[in-house]
Amino acid sequence: MSDSPNLTALREAIRGFASALVGYSGGVDSALLAVLLRQELGRERMLAVIGRSASYPLAQWQAAQDIAAQFDLPLLELETRELEDPRYLANPTNRCFFCKSELWSRLVPEANARGFAVVCDGTNADDLHEHRPGHAAGRAAGIRSPLAEAGVTKAMVRAAARDLGLPNWDAPAAPCLSSRVQYGIPVTSRRLAQIEQAEAYVRGLGVTGDLRVRHLGERARVEVGPEWIAWLSERLPDLSARLGALGFSAVEIDPRGYRRGSLILERHATP
């Protein structure tokens, strides 16, 4: 299947890079970009780099590893230390700015040391219209966003990923675990572990598609796709018992279902 005009423009832009290092999470955006960089530049002129910390889900790391193996992506892992930054731990609405600032403070020197000409990320054109404080950190660090620059939207990303055989082409968005902690509640390693284990349990029950366990301090609010609300509600006693064992004092299933960015929406709605 032939590329869309935007994908064609993206490939042409990539061919103009002498070499490139990409911040790689294993999500569909950065995975597609990494695969295109590999196809257009070859193995010696690109590198996909994962930033590892407690906020990065293990399941996402495994997906990133699998895709790298499938498409022969050169891969490097670096430790990031956002959990040592009190500004990040305070969990303000621009928390992602401090996380991405830390990420790029690790990746840009690595790129310079290895002689890579361009450092880039998987921001797509739709992301530019959302609450994305992390993107500002990327701009400040001189990071390129080839997908957004070529006008490639999320729908285009998924279509191209499907055509290229990426196994995560239809995977739900998987932002970092800290994004589940209610703004103003400090981010801690314990809370991140609670979230990761709670979501793994819900997945283990059989829930597919969008899922968030929102950490509200002592309580957990579970958001799933509308088709799963009644099914999961029937299992609320077991769910409450399991999440209670993780340290949550109460568990609720949001009757509104999964809402993208629900915590920032609620923050803006608060007088």
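Remark: pairs (first residue in the stretch 214-229, within 16 Å of Pro175 (Cα to Cα); second residue open to solvent by 10 Å² or more (accessible area, probe 1.4 Å) and hydroxyl-bearing (Ser, Thr, Tyr); Cβ separation under 7 Å; 6+ apart in sequence or on different chains) = Glu223/Tyr258; Val224/Tyr258. The set of residues in the stretch 98-156 being more than 18 Å from the chain's Cα centre (by Cα) and within 21 Å of Glu12 (Cβ to Cβ) consists of Phe116, Ala117, Val118, Glu149, Ala150, Gly151. Between Ser101, Ser105, the distinction of being open to solvent by 30 Å² or more (accessible area, probe 1.4 Å), touching a Ser or Thr at 6+ places or on another chain (Cβ under 9 Å) and at pLDDT 95 or above belongs to Ser105 only.
Would you check if there is a residue in the stretch 151-163 being open to solvent by 50 Å² or more (accessible area, probe 1.4 Å) and under 25 Å from Leu76 (Cβ atoms)? No: zero hits. Checking each residue in the stretch 1-18 for being open to solvent by 10 Å² or more (accessible area, probe 1.4 Å) and in contact with a Leu (Cβ under 7 Å, 6 or more places away or on another chain) picks out Arg11, Phe17. When Gly184, Gly244 are checked against the criterion of being at positive phi, open to solvent by 30 Å² or more (accessible area, probe 1.4 Å) and modelled with pLDDT of 95 or more, Gly184 stands alone in meeting it.
From the list Gln182, Gln197, the lone residue that is in contact with a helix residue (DSSP H, G or I) (Cβ under 8 Å, 6 or more places away or on another chain) and among the polar types (S, T, N, Q) is Gln182.
The criterion of at least 3 residues that are of a type in the set (D, E, K, R) is met, among helices (runs of 4 or more DSSP H) falling completely within the stretch 143-210, by 154-164, 189-205. Of all residues in the stretch 162-219, those satisfying the criterion of being among the polar types (S, T, N, Q) and over 21 Å from Leu232 (Cα atoms) are Asn168, Ser178, Ser179, Gln182, Thr188, Ser189.
Any chance the stretch 71-84 includes a residue that's within 21 Å of Arg139 (Cα to Cα) and open to solvent by 50 Å² or more (accessible area, probe 1.4 Å)? Yes, because at least one residue in the stretch 71-84 is within 21 Å of Arg139 (Cα to Cα) and open to solvent by 50 Å² or more (accessible area, probe 1.4 Å).
The values are calculated or read from the model by the stated rules, or taken from the named source; none is laboratory data. Since this is a predicted model, take the numbers as computed values, not measurements. In this analysis, Cβ positions are derived from the backbone assuming ideal geometry, glycine residues included, and neighbour counts consider all displayed protein chains. Quick note on the areas: whole protein, heavy atoms, side chains included, nothing else; ligands and nucleic acids left out. Shrake-Rupley method; radii C 1.70, N 1.55, O 1.52, S 1.80 Å.
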